[in-house]
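Presented below is the structure to which this report refers.
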Amino acid sequence: MSKERYIAAKQQWAEKQKAKGVVARSQPHPERLPPGQKLTTGFPVLDLGVHPEISDADWSLTLDGLVENSVKLDWQAFNALPPVEDVSDFHCVTTWSRYDCRWGGVAFTTLYELARPRPEARFVYFTGFDGYSTNVSLASCLDDDVLVATSFDGAPLTLEHGGRARVIIPKLYAWKGAKFVKGLTFLADDKPGFWEVRGYSNTADPWTEDRFG
Ligand SMILES: Nc1nc2c(c(=O)[nH]1)N[C@H]1C(S)=C(S)[C@@H](COP(=O)(O)O)O[C@H]1N2
Ligand SMILES: [Mo]
């Protein structure tokens, strides 16, 4: 499928589900598999069909916006930051989930401390080398399981899964984690990203099936 047809189809699906009245269900619950999800042991690839191959020399991660310390990290500087590893479950809005993903990289909180966002900053706008974008509240990003991952199950992140680096926010649907990430912009006002302007939820909580706008 072409990128345009894929985007149009996924957008139409969101509109149809929304029209049917598929909205947030009740309360978070103690089970492991969120409502409406099916467990998979494979690892589907979900993106816009663009896998931007970035060399060491061309890769960078920019932290900017409402911060005291705007920085552009090159591959070496990024990898010199303290490493973390975290095992989490992965939930895609298209109803598949994958358990026990072992991600390695740099904690969001490390990047937060480096950039020192100003008190007015309340949202983070993520961008990818493929033209993707997504927005998340700063509060959600500050969870200790949020990271910019460069490895998966102990091996360097493959290009199809978002290498060189991707954002992982386990408590939200996976579209909130930008693959091929290149920038984090701290904002005072929310700014909807790629899927958020195409019918998908701003907040994306799998436990309340918060899928569509
Ligand atoms: N840059 C970028 N990040 C992205 C996407 C994308 O299209 N581009 N798709 C999102 C969606 S909808 C999902 S489910 C996950 C899929 O990650 P995977 O391909 O490793 O399974 O990446 C998210 N991050
Ligand atoms: Mo997804």
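One table, with the values for the structure above:
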| quantity | calculated |
| --- | --- |
| Rounded FRET efficiency, nearest 0.05, which uses the C-beta distance separating Lys20 from Ser151 and R0 of 35 Å | 0.30 |
| Highest to lowest packing among 184-196, 78-90, 34-46, 156-168, scored as the average C-beta count within 10 Å | 156-168, 184-196, 78-90, 34-46 |
| Too-long pairs where the Cα-Cα distance tops 24 Å, listed order kept, from Lys18/Lys182; Lys16/Lys179; Lys20/Lys191; Lys72/Lys191 | Lys18/Lys182; Lys16/Lys179; Lys20/Lys191 |
| Whole-Hz couplings from phi, Karplus 6.51/-1.76/1.60, listed for segment 148-158; x for Gly and Pro | 9, 8, 10, 9, 9, 6, x, 10, x, 4, 6 |
| Average accessible surface area per residue within the chain, 1.4 Å rolling probe, Å² | 48 Å² |
| Difference of contour (0.36 nm per residue) and Cα-Cα distance, Glu160 to Ala188 | 6.8 nm |
| The chain: calculated mean residue ellipticity at 222 nm from DSSP helix runs of at least 4, using -39500 (n - 2.57) | -4500 deg cm²/dmol |
| Amide H partners (placed H, <5 Å) of Val167, local residues excluded | Ala149, Ala178, Lys179, Val181 |
| Estimated FRET transfer efficiency when R0 is 35 angstrom, pair Asp64-Glu31 (beta carbons, to 0.05) | 0.35 |
| Convex hull of Cα atoms in the chain, direction-averaged projection (nm²) | 11.6 nm² |
| Shape metrics for segment 139-213, restricted to C-alpha atoms - Rg then Dmax, Å | 13.0, 37 |
| Estimated inter-spin distance, Thr40 and Ala57, nm [label 7 Å along Cα→Cβ] | 3.7 nm |
| Histogram of C-alpha separations across segment 58-139, 5 Å bin width, % | 3, 12, 18, 21, 24, 14, 7, 2 |
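The values are calculated or read from the model by the stated rules, or taken from the named source; none is laboratory data. Just so we're clear, the structure is a prediction, and the values are computed from it rather than from any experiment. Cβ sites come from the backbone with ideal geometry, for glycine too, and all protein chains shown count toward neighbours. When the accessible area is computed, the model is the full protein with side chains, heavy atoms only, and any ligands, DNA or RNA have been set aside. Shrake-Rupley method; radii C 1.70, N 1.55, O 1.52, S 1.80 Å.
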